[in-house]
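Please treat every number below as a calculation from the coordinates, not as lab data. All values reported here derive from a predicted model rather than from experimental measurement. When we count neighbours, we look across all protein chains shown, and the Cβ atoms used for this are built from the backbone with ideal geometry, even at glycine.
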Amino acid sequence: MISLSTTWNAMSHEKAETLLGEILMLGVKCVELGFSLNKDIVEGLADLYSQGLFKVSSVHNFCPIADGYDRSGFTPDFFSLSSPDNNLRAKAVTLTKGSIETTARFGAQALVIHAGRVEMPLKTKKLVALFNNGQRNSAVYESILKEMKEERQLKKKLYFDAILRSLEEIIKYAQKFKVNICLENRYYYREIPSPDEIESIFFKFKGCENLFYWHDVGHALAGEALGFYPAADYLNRFKDKLAGIHLHDVKGAADHLVPGKGDFNFSLLKPYIKKDTIKVMEVHRPADGIDIKEGISLLYKELDD
């Protein structure tokens, strides 16, 4: 089954009924609860879930968002699980525990998390601008990329140690609810984890039965295009720990496109997908209902679901 992330239409609705209704009208019966949902919407969805109107494949941290914040500006990176500031990191851990409870409440097993970031200037957007202007191989591009890699390597230990502390607490809490913690590969270069960091995390928590990898197709491909990490590294190295996949298309460094609107051949994923692999289409506006139907149809065809 292919589910649809509520990130597609969450910001177009203030009520759970209309949010879910728009999705159900497309013939979609399974969703991933995304990160733009406040407590009122989550409570409303819980009522609808209790009526058997839909299923939940997975949940994306943070869900619900923190009280008192505008959900239009609250992202999964608002509070960082890798923050060396113990107060900020504790806030991120507390919110993640709430997301674990949400995951269990809706009968899902997987919570997708962002593992924080190395605090350094956000230069990925500069690279994207140069990339879009056809300057991928220019001297200025290569200079910025080199600076980013050197700075991240120099600063990362403090933040990587912090994410390990957060994960130790989160994993134990999730075990009580039989929820799997899934580390997602990221788009911005400063974000954690890199492929080598994923490997280090799995080594640190070797034997842990509820820690997995979550593959985001668009992030991997855009990162490769920008010169970060080879996209194939993620799936080839962590296929045995793969819990789920965010499916969206990519054109150059632009992602979260409807499948079929970019350049990716989704059939390339088939060797990595097992019977229990969670498949979530995670696309953004301006995709409309027709786009969603066409995208899901293409995924079923390409993935031979």
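Brief remarks on what is shown
- Those lysines that a straight Cα-Cα span of less than 21 Å connects to K125, excepting residues fewer than 8 apart in one chain: K146, K149, K155, K156, K251
- Highest-first packing order for the peptide set 256-262, 19-25 is 256-262, 19-25, based on the mean count of other beta carbon atoms within 10 Å.
- Along the axis of the charge dipole computed for the chain (Cβ charges of +1 for Lys and Arg, -1 for Asp and Glu, origin at the Cα centre), the listed residues L167, C63, T96 are led at the positive end by L167.
- D_trans [Stokes-Einstein, Kirkwood Rh over alpha-carbon pairs] for the chain, 25 °C, 0.890 mPa s, µm² s⁻¹: 125 µm²/s
- Taking each residue as 0.36 nm, the span from K29 to K275 lengthens on full extension beyond its C-alpha to C-alpha distance by 86.7 nm.
- Reach of K206 by Cα under 19 Å, taken over aspartates and glutamates that are not fewer than 8 positions away in the same chain: D161, E168, E169, E184, D196, E197, D240
- Anchor K97: lysines whose Cα lies under 16 Å away (excluding residues fewer than 8 positions away in-chain): K39, K172, K176, K178
- Under 5 Å from the amide H of E184 lie the amide H atoms of I113, A115, W214, each residue being 5 or more positions distant or on a separate chain, with H modelled from the backbone and absent for Pro and chain starts.
- Antiparallel DSSP beta bridges within the chain, as percent of all bridges there, nearest 5: 10 percent
- Residues in segment 123-130 carry Karplus couplings, in order, of 9, 4, 5, 5, 5, 4, 4, 5 Hz; the curve used is 6.51 cos²θ - 1.76 cosθ + 1.60 with θ = phi - 60°, and Gly or Pro positions show x.
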